[in-house]
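Inspection log for the structure reproduced underneath, given as structure tokens.
The values are calculated or read from the model by the stated rules, or taken from the named source; none is laboratory data. The structure presented is a predicted model; accordingly, all values stated were derived computationally and were not measured. Neighbour counts are summed over all protein chains in view; Cβ atoms, including those assigned to glycine, are modelled from backbone coordinates with ideal geometry.
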Amino acid sequence: MSAKKPVFIVTGADLATQALALLGDYEVVYAGKTPTEDDLIALCRQHDPVAIIVRYGKVNGAVMDAAPSLKVISKHGSGTDTIDKAAAAQRGIQVKAAVGANAAAVAEHALALLLACAKSVVQLDERMHAGHWDKATHKSLELAGRTVGLVGLGAIGLRFARMAHAMDMRVIGFDPYARDLPDYVQSVDLETIWRESDAISLHCPLTADNAKLLNARTLAQCKPGVIVVNTARGGLIDEGALLEAVRSGQVRSAGLDSFAVEPMTAPHPFHGEKRITLSPHIGGVTSDAYVNMGVAAAQNALAMLAS
């Protein structure tokens with residue numbers, strides 16, 4: 001009788017075939033698309049995994065305590081705010097993110113949201129489908145020569161910076177951990193980001209220190225008519241303050257892919273606001289990124305288990 005394989009739990013309903021091919025020595029157990037804390041605790045008690053690959057849901061100390069053999073928590077993506085890293089450290093559990101695996105996908109989506117805001121793509125599409133022809137009355141915003149301020153200069157932020165630079169935008173950025181920046185990215189403090197940016201794009205992780213980084217005070221410091229793009233984490237923005245700034249015109253428009261509470265439920269204050277373009281935290285969800293993140297998450301977990 002063969003020995004039972006050690007278990008990987010995936011907090012999702014699937015994993016890329018290429019990632020599964022790397023995990024042949026393990027049993028892979030799926031938690032489903034919307035696993036609750038109770039779901040994860042029950043699965044951990046049942047299977048006692050050596051590793052968890054985190055796609056959806058949160059992994060906290062209670063989940064970890066239900067898996068005494070757990071050694072690794074590997075994120076299927078770049079953001080680890082859904083993992084209690086302090087609890088993991090206390091228990092000697094390693095945490096690793098698939099940094100850069102979805103950089104192209106998220107940076108492209110951020111650019112798409114920026115362009116949608118500047119060019120009124122969604123609004124003009126709706127008007128055209130309603131039979132209107134607004135050529136004589138509508139003017140979009142030209143981005144060439146304008147300044148984009150990036151908060152976060154990791155793999156995604158730098159990828160976005162390269163695209164913005166190619167569009168002849170001036171790129172300024174804030175990231176206390178960034179080193180060896182390309183010459184077209186000017187490192188500045190946050191006050192300069194607020195003061196000089198015509199558009200602001202968020203690319204940093206969510207921490208206790210930067211929660212609601214964009215709020216009534218910081219939005220008031222921005223140029224009137226600034227564009228706000230967020231493909232990072234919803235908690236970086238005070239949503240009530242942003243809505244007020246959009247309605248007052250202090251913010252020209254916003255393109256948002258992440259929100260304080262996900263999934264967003266109806267009704268939401270952003271619904272019906274024509275100058276807020278919404279997408280369901282899907283910036284990193286492409287067929288290529290799905291494979292890249294799955295493979296990286298599996299490789300990271302295997303490397304940590306072998307160390």
Notebook entry, point to check: So which residues in the stretch 100-152 are under 23 Å from residue 280 (Cα atoms), among the small types (Gly, Ala, Ser) and not in a loop (DSSP other than H, G, I, E, B)?
Noted result: 103, 104, 105, 107, 110, 112, 116, 118
Next item on the list: Report, ordered by the first and then the second residue, all pairs with beta carbons closer than 6 Å, sequence separation of six or more or different chains, a first member in the stretch 55-83 that is in contact (Cβ under 8 Å) with a residue 24 or more places away in the chain and farther than 10 Å from residue 97 by Cα, and a second member that is assigned to a strand (DSSP E or B) and among the small types (Gly, Ala, Ser).
Entry: 72/51
Check: How many residues does the stretch 286-304 contain that are closer than 12 Å to residue 94 by Cα and either in contact with a Ser or Thr (Cβ under 6 Å, 6 or more places away or on another chain) or crowded, with 17+ Cβ neighbours inside 10 Å (or both)?
Finding: 4
Notebook entry, point to check: How many of the residues making up the stretch 253-267 are assigned to a loop (DSSP other than H, G, I, E, B), crowded, with 22+ Cβ neighbours inside 10 Å and of a type in the set (Gly, Ala, Ser)?
Noted result: 1
Item checked: From 148, 72, 95, 121, residue being modelled with pLDDT of 95 or more, within 22 Å of residue 184 (Cα to Cα) and of a type in the set (Val, Ile, Thr) -> 148
Notebook entry, point to check: Taking into account only those residues within the stretch 173-209 that are under 23 Å from residue 83 (Cβ atoms) and hydroxyl-bearing (Ser, Thr, Tyr), which is nearest to the chain's Cα centre (by Cα)?
Noted result: 207
Notebook entry, point to check: Failed condition for residue 276, given (1) under 24 Å from residue 52 (Cβ atoms); (2) over 16 Å from the mean Cα position of the chain (by Cα); (3) surrounded by 16 or more Cβ atoms within 10 Å (Cβ to Cβ); (4) not aromatic (Phe, Trp, Tyr), with all others met?
Noted result: (1)
Check: Among the numbered criteria (1) without any contact (Cβ under 8 Å) to a residue 40 or more places away in the chain; (2) small (Gly, Ala, Ser); (3) surrounded by 15 or more Cβ atoms within 10 Å (Cβ to Cβ), which single criterion is violated by residue 104?
Finding: (1)
Item checked: Test for residue 225: is it in contact with a Lys or Arg (Cβ under 7 Å, 6 or more places away or on another chain), closer than 27 Å to residue 195 by Cβ and surrounded by fewer than 20 Cβ atoms within 10 Å (Cβ to Cβ) -> yes
